[in-house]
Amino acid sequence: DSYGQIEKHHGKLAADLAREASEKEFDALIGQTMHNMRGIISPIKTTIATLSHQVQSGHPDLGFCANSLGMMKGRVELLERFVNDMREYSQANLAPLHCERLALVVAEAIRLVHDYLGASGRKFEHIALKVEVPPESTAEIARQQMTMLLFHLLTNAYEAFLLGAAEVAQPEIVMEAQVDQTGKLELSVRDNGPGIHPETLQMLRSFVPG
């Protein structure tokens, strides 16, 4: 096997270190995958429960039902793309890049975040979200991966405020995206929260994995 080849050419210590590193990466990948899937599935579960209540009441709101079905259809399609991306990743094939409008990708990520937070019953409307993305700006990206990246960045920003809402009177998150003249994509997500304590930040910067 691969570890046997490493041990043959580089010694047992190198093979053991390679095995340990790959196991850590595998565990991290599985954990991240479960987190991503939960973020997609949770709003679907909540919507199904609400639709069931509507039907049982005998007076369903047809407009609400239609909108809910459309939302679930979109989430299932997103989940399908995610599974396909995972299959491609497992086959060591990079996801193809396509020219995408950044504003649409950002809007999709924001909808995912809001659905995810809403499904867990957390109130986030008091947190201002400012999006600064040129409407016609495009970039060559893997849309699914970029959407999930933005989903995690925004979710972390929202949850930081929700866990310590009393510390900021008017919480605000700002997302910026732009493409420079060379075609390089620049993304940033910042907020006006208290940030990381200096001692904690120093510890994180001095930490070396492994």
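For the residue pairs Lys73/Lys184; Lys130/Lys184; Lys45/Lys123, the C-alpha atoms sit more than 28 angstrom apart in Lys73/Lys184. Across Thr147, Thr138, the residue with the most accessible area heads the list, and the full order at a 1.4 Å probe is Thr138, Thr147. Note on surface exposure: Ser188, Ser2 rank Ser2, Ser188 by accessible area, highest first, 1.4 Å probe. Here Lys12 is the anchor, and the lysines within straight C-alpha reach of less than 21 Å, apart from those fewer than 8 places off in the same chain, are Lys24. Within region 91-160, the trypsin sites (Lys or Arg not before Pro) that combine a DSSP coil assignment with at most 16 other C-beta atoms in a 10 angstrom radius are Arg122, Lys123. Give me the distance in nm between label points sitting 7 Å out from Cα along the Cα-to-Cβ direction at Cys65 and Arg38, one decimal. Between Cys65 and Arg38, the simple spin-label model gives 3.3 nm. Whole-Hz Karplus values for region 13-20 come out as 4, 4, 5, 5, 5, 5, 5, 5 Hz, taken residue by residue from phi with 6.51 cos²θ - 1.76 cosθ + 1.60 and θ = phi - 60°; glycine and proline positions read x. Only protein heavy atoms count here; on that basis, with a 1.4 Å probe, Phe64 has an accessible area of about 70 Å². Summed over the residues of region 136-184 and divided among them, the accessible surface reaches 54 Å² per residue at a probe radius of 1.4 Å. Per-residue SASA remark: His35, around 70 Å² accessible (1.4 Å probe; ligands, DNA and RNA not included). Taking R0 as 35 Å, what's the FRET efficiency between Lys123 and Thr182 from their Cβ-Cβ distance, rounded to 0.05? Step by step, r from the Cβ atoms, then E = 0.25. For region 1-59, the per residue solvent-accessible surface stands at 73 Å², with DNA, RNA and ligands left out and a 1.4 Å probe.
Region 37-68 to region 114-155: how many Å between their Cα centroids? Cα centroid to Cα centroid, the span is 22 Å. For Ile6, tell me the accessible area in Å² from a 1.4 Å probe, rounded to the nearest 10. Near enough 50 Å² of accessible area.
Our estimate of slack between Asp16 and Glu80, defined as 0.36 nm per intervening residue step minus the Cα-Cα distance, is 19.4 nm.
The values are calculated or read from the model by the stated rules, or taken from the named source; none is laboratory data. Remember, it's a predicted structure, so these values are computed and weren't measured experimentally. No Cβ is skipped: glycine too gets one built from the backbone with ideal geometry, and neighbour counts run over all protein chains shown. Ligands, DNA and RNA are stripped out before the accessible areas are found, and what is left, the full protein with its side chains, is counted by its heavy atoms. Shrake-Rupley method; radii C 1.70, N 1.55, O 1.52, S 1.80 Å.
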